[in-house]
1. In a Debye calculation with equal point scatterers on the alpha-carbon sites of the chain and no solvent, what is log10 I(q)/I(0) at q = 0.13, 0.14, 0.18, 0.19 Å⁻¹?
2. Considering Cα pairs under 8 angstrom that are at least six residues apart, work out the relative contact order of the chain and quote it in whole percent.
3. So if R0 is 25 Å, what FRET efficiency would N24 and R149 give, r being the distance between their Cβ atoms, rounded to the nearest 0.05?
4. Against the empirical 2.2 N^0.38 Å scaling, what ratio does the C-alpha Rg of region 79-168 come to?
5. Select from region 90-198 those GluC sites (Glu not before Pro) which occupy a DSSP coil region and have at most 15 other Cβ atoms within 10 Å, ordered by residue number.
6. Report ³J(HN,Hα) in whole Hz for each residue of region 128-144, in order, from the Karplus equation J = 6.51 cos²θ - 1.76 cosθ + 1.60 where θ = phi - 60°; Gly and Pro get x.
7. Evaluate E = 1/(1 + (r/R0)^6) for I62 and A5, where r is the Cβ-Cβ distance and R0 equals 45 Å; express this FRET efficiency to the nearest 0.05.
8. Two decimals is fine: what is log10 I(q)/I(0) at q = 0.15, 0.24 Å⁻¹ for region 128-180, from a Debye sum with one equal scatterer on every Cα and no solvent?
Amino acid sequence: MSSAALNEIIADALAGPGWIVLPNFLPAEALAELQNLASVRQAQFVAAGVGREAAHQVRQEIRGDAVLWVENDDAEMAAANQRMSDLQQLLNRELYLGLAELEWHFARYPIGSFYRRHLDQHRDQDTRVVTIVQYLNHNWGEADGGQLRIYLDAENHIDVTPHGGTLVVFLSNRFEHEVLPAQRERLSLTGWYRRRAN
């Protein structure tokens, strides 16, 4: 299926239930390139924190991943950034979301690490509109843990196994979610389409 057709499917899902899981979104070659890039840059990852600006702090009891932010002008990320730019343009055209930019990072979860249940919006700020997660893991099995648990409502949730190439997209202000403990190192590209602050 073409990337344009996949983007249309994503837009339809966001207009409907508000979330979608797309296995095999990333072609094998693109997946391998991103895995390699994360490996080459491993020393640049830093412990992730919670909170913004002065309130930012590393709290391993809440989240245990390390991150490496992606720059818009990173030549080695040009293809990945372009894929996400194409999706952003379509979502703006089809859903009038006013998405102004993408902020995203590699996220590496060591064995035993997790991220407690949360919503992808900072307190008193609604600039994050759409959450995206691309999984970059080789041969992931159910027993490896690390599932993304998305809470659909008060009684229902889905668990997404982080198979390499899978893309998850959901509305940032609607779905609380968490990363369950990983039993092997877990890698993803995670981020948000943002609107400008009022």
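Read the figures in this text as sums done on the coordinates, not as results from a lab. Only a predicted model underlies this, so the values are computations on that prediction, with no experimental measurement involved. Glycine gets a Cβ as well: all are built from the backbone with ideal geometry, and neighbour counts include every protein chain shown.
1. -0.68, -0.81, -1.46, -1.66
2. Working: 394 pairs, mean separation 56.1, N = 198.
With pairs under 8 Å counted, the relative contact order is 28 percent.
3. Numbers: r = 22 Å, r/R0 = 0.86.
With a Förster radius of 25 Å, E is 0.70.
4. On the way: Rg = 15.0 Å, N = 90, 2.2 N^0.38 = 12.2 Å.
Compactness ratio reported: 1.24.
5. Numbers: sites: E94, E101, E103, E142, E155, E176, E178, E185; in loops: E155, E176, E185.
Here the sparse-neighbourhood loop sites are E155, E176, E185.
6. In residue order, the calculated couplings are 7, 10, 10, 9, 10, 9, 10, 8, 10, 9, 7, 6, 7, x, 4, 5, 6 Hz.
7. Working: r = 38 Å, r/R0 = 0.85.
The computed FRET efficiency comes out at 0.75.
8. Log10 of I(q)/I(0), two decimals: -0.42, -0.96.
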